[in-house]
Each structure stands twice: as C-alpha cells, then as structure tokens.
Amino acid sequence: MLLKAAPAFSLLNPQEGPLFSSLSSSQASLFHSFSSSIHRLSSPGNGIGYVVVCATKGANHKPLTGVVFEPFKEVKKELDLVPTAPQVSLARQKFTDDCEASINEKINVEYNVSYVYHAMFAYFDRDNVALKGLAKFFKELSLEEREHAEKLMEYQNKRGGKVKLQPILMPLSEFDHADKGDAFYAMELALSLEKLKNEKLLNLHSVTVLNHDVQLTEFIEREYLAEQVEAIKKISEYVAQLRRVGKGHGVWKLLHEQAPFHIRSCFFKVFVESFWLQVVGCINCVEVWVVSSS
C-alpha cells in the first residue's frame, strides 16, 4: 500500500539537511526509530517522497503525522466500470448471464409446482371428496413453493439480475384414479414433482460451480439442497404407507395425521360414539336373547 509522506519526512537521513540541525537528542532518536522502518521508493523534485511503512520489532508506536493514504489503483479501474445507464444494475459484479438464466428457470419451476399443489388442495377440499387433511397438506406445500420462488427472486435482484417470469402451465383438476385412488395417485405425483425440483436444483448448482460463482453456490447449498432432500424423504414415506395399507384405511390414516387437531378430535369423537353404539347394540341383543330364552 502506498503512503504519501509530507515534506517533513522527505529526507530520511537527519544528517542531509538543515531540517534536522535543530533536533534534540530525543527527537533524533525518535526519527532514527522511524527511519529504520521505512524504505524510500522515490524522491521527486518537489520534496515529496513515497514510502512504504513496514512493521519492525523495534518500531516506535507513537502517532505518525503528515502521512495520508493514496487511493488504490484498483479503485480507479472499478470506478471506470460503474455503469451510467439508468437501466443497468449498479450492484452487479461477477454475475454471469448463465447464472441469471438458470435462476429464472428455477423460479418458473417453483411456480409451476406451486400451481399443481394448489390444484390438489382445491380437489381434496371439495364437499364430495372432503379429505381436509390432504387439502391442508397440499395447501402448505403450495405456499412453500411460492416462498421458494420469491426467495430466488429476491436473490436475483440482490445480485443485479433481472427476474423474467415465464408462462405457467394449467395443472390437472381431477386426481381420482381407478386402481390407486385419489390420495395415493396425488401423493405419487407430488413425489415426482419433488424429484423434478431436485434435479433442476442440481442443474442450477452445477451452473454456479462452472461459472465459479462461490456466493451463489453457498446460497443454493444453504437454503435449498438439504431441505429438498428432506421433502423427498417425507413424501416417499407417505407413498410407502399408502401403497402398503390400500385405499380406504390409508386415506383415513393420512387424514388422521395431517388434519388439524380439532378435525382429528371430531373424527375420533365420531369413531368412539359409533363404536359404543355398536357395543350397546350388542348388549341389547344379548339381553333380548337371554330374556326370550328364559
């Protein structure tokens, strides 16, 4: 780093001029301590020299007066690169077009998946389907995917890129399946969507590595990769459970686990009341049979 010395320090040898003729012994000792820690780079004709200050073991730590910083040469180069057009980002730095395009593609994937999950929520919330637990589950997934897209949009703006939203495809509106049932079919579709998201996420990660964008790589790894693996594991377990227990009881199990607490309580209450009615009915039948037999 370059330092600009004041004229008082242009002569490093106290014996070279009248400037040091009036120095006391203590002042001369102080200057010798200072001069032992600097090296002259040039001695212009105007008496102003440029010196490099180096730390030494015996250096004096008293405040140094008359020395000011020169601007870095790199700053001038960066200053020349600051855009003047109002439509060009001022914050953009080492952010390639490939990374920008890959982020926009991932935003589009998140919105499309969110749209499909929203359609699933609408289906299971129908009065003739009435699986409130599944409806709640897919509604939460839809909101989560939208949050992912918005987080990517915020990052795109932070790095100086431009968010370019693309068309969203119309999702299915019917999820009933003759063999698998609607719950099993919808959960398998959700698993396929989560794996597709993970594949697109890995593609984005590979683009960041190829373009040596360390900050974007760290962002993807911190915010998305681990969460995506957890989502795939969670939905895979639901698919395995539905495949094992079949359509009827499997749908009830998922409803019981995913529904809000008050819905589960009401469902359990109806189940208990129905069970006790059957028990009471059996007892009455036994009493009638005993009476008639006697």
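What the table below lists for this structure:
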{"read-out": "The range 187-222, subset of a type in the set (D, E) and in a helix (DSSP H, G or I), residue surrounded by the most Cβ atoms within 10 Å (Cβ to Cβ)", "value": "E194"}
{"read-out": "Residue count, the range 171-184 (criterion: out of contact with any Lys or Arg (no Cβ under 7 Å at 6 or more places or on another chain) and either of a type in the set (F, W, Y) or touching a residue at least 12 places away in the same chain (Cβ under 8 Å) (or both))", "value": "8"}
{"read-out": "Residue within the range 118-133 that is in a helix (DSSP H, G or I), open to solvent by 40 Å² or more (accessible area, probe 1.4 Å), touching a residue at least 12 places away in the same chain (Cβ under 8 Å) and under 20 Å from L202 (Cβ atoms) present", "value": "no"}
{"read-out": "The range 171-185, subset of a type outside the set (D, E, K, R), over 17 Å from S142 (Cβ atoms) and assigned to a loop (DSSP other than H, G, I, E, B), residue most open to solvent (accessible area, probe 1.4 Å)", "value": "A178"}
{"read-out": "Unmet requirement for H212, which otherwise passes all of (1) more than 22 Å from the chain's Cα centre (by Cα); (2) farther than 22 Å from S114 by Cα", "value": "(1)"}
{"read-out": "Any hit, the range 242-252, residues being under 25 Å from Y115 (Cα atoms) and in a helix (DSSP H, G or I)", "value": "yes"}
{"read-out": "Any chance E154 is charged (D, E, K, R) and touching a helix residue (DSSP H, G or I) at 6+ places or on another chain (Cβ under 9 Å)", "value": "no"}
{"read-out": "Subset of the range 134-170 (residues that are open to solvent by less than 30 Å² (accessible area, probe 1.4 Å), assigned to a loop (DSSP other than H, G, I, E, B) and over 29 Å from E221 (Cα atoms))", "value": "none"}
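Yes/no per residue for (1) within 22 Å of F121 (Cα to Cα); (2) touching a Leu at 6+ places or on another chain (Cβ under 8 Å); (3) of a type in the set (K, R):
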{"site": "E147", "(1), (2), (3)": "yes, no, no"}
{"site": "R159", "(1), (2), (3)": "no, yes, yes"}
{"site": "L165", "(1), (2), (3)": "no, no, no"}
{"site": "I168", "(1), (2), (3)": "yes, no, no"}
{"site": "E218", "(1), (2), (3)": "no, no, no"}
{"site": "A226", "(1), (2), (3)": "no, no, no"}
{"site": "V245", "(1), (2), (3)": "no, no, no"}
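The values are calculated or read from the model by the stated rules, or taken from the named source; none is laboratory data. Because the structure is predicted, anything quoted here is derived from the model rather than measured. Reconstructed Cβ throughout: ideal geometry from the backbone, glycine too, with neighbour counts over all protein chains shown. Accessible surface is based on the protein model in full, side chains and every heavy atom, while ligands, DNA and RNA are left aside. Shrake-Rupley method; radii C 1.70, N 1.55, O 1.52, S 1.80 Å.
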